[in-house]
Structures are given as C-alpha cells and as structure tokens.
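The values are calculated or read from the model by the stated rules, or taken from the named source; none is laboratory data. A quick note: this is a predicted structure, and the numbers were derived from the prediction, not measured. For neighbour counting, all protein chains shown are included, and Cβ atoms are generated from backbone atoms with ideal geometry for every residue, glycine included.
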Amino acid sequence: MARAKHCVKFRSGRPMIPSLYQPVADPMETVRTIKEIGPERCIIGSDFGQVLHMDSIDGMRVFIRALLAFGIKPDEVRVMLKENPAKLMWLD
C-alpha cells in the first residue's frame, strides 16, 4: 500500500512559506493529488490545537473551507473526513 503525506501549514488562516525544517505542500498540489488518486483513497487529518496555533476545531474548519474553495466537492470532503477513517478503523 502506497502512502503520501501532504502537509499544508496554516497560521491565521493563511498558508505559510515552505521551510526546510518542515517541508509543506502547495495547497493546489494537495488538491491535485486528491483529484488524481481519488478522495476514496484519501484521509483528512490534522494536528491543529498546538500551543500558539488555532484550536483543532477552527483549524479543521479553515482547512475544509480551503479544500472547498480549491474545488473539492462537499461529498468528497465527507468521504475523506468521515467515511474513509471509519473504514480504516473497521467502523463502517
């Protein structure tokens, strides 16, 4: 099973400049990857909620809004955020 991880960093709702310390992906690269391999093979996750960052709920809202703004459909977000993680944990 192949695995790809894309990290898109947001602070105050804006993408951050990529760094060598913690490489990040262009949000459009993440969208292209989702569209290329299909949302049924992707899971959305977050580590928001760290000190000095957005709390986990607001951070996920910002990320989902960004995905929607970049052309990911609401039903595709639901699949990646709810259905695929449930399948991974055998809860479906």
Being surrounded by 11 or more Cβ atoms within 10 Å (Cβ to Cβ) and not basic (Lys, Arg) is the filter here, so list the residues in region 58-72 that pass it.
-> ASP58, GLY59, MET60, VAL62, PHE63, ILE64, ALA66, LEU67, LEU68, PHE70, GLY71, ILE72
Pairs where the first residue, in region 31-56, is more than 17 Å from GLY71 (Cα to Cα) and the second is surrounded by 15 or more Cβ atoms within 10 Å (Cβ to Cβ) and of a type in the set (Gly, Ala, Ser), C-beta under 6 Å, 6+ apart = SER46/GLY59; PHE48/GLY59
Looking at region 25-59, which of the residues that are at pLDDT below 90 and closer than 22 Å to MET89 by Cα is farthest from the chain's Cα centre (by Cα)?
-> SER56
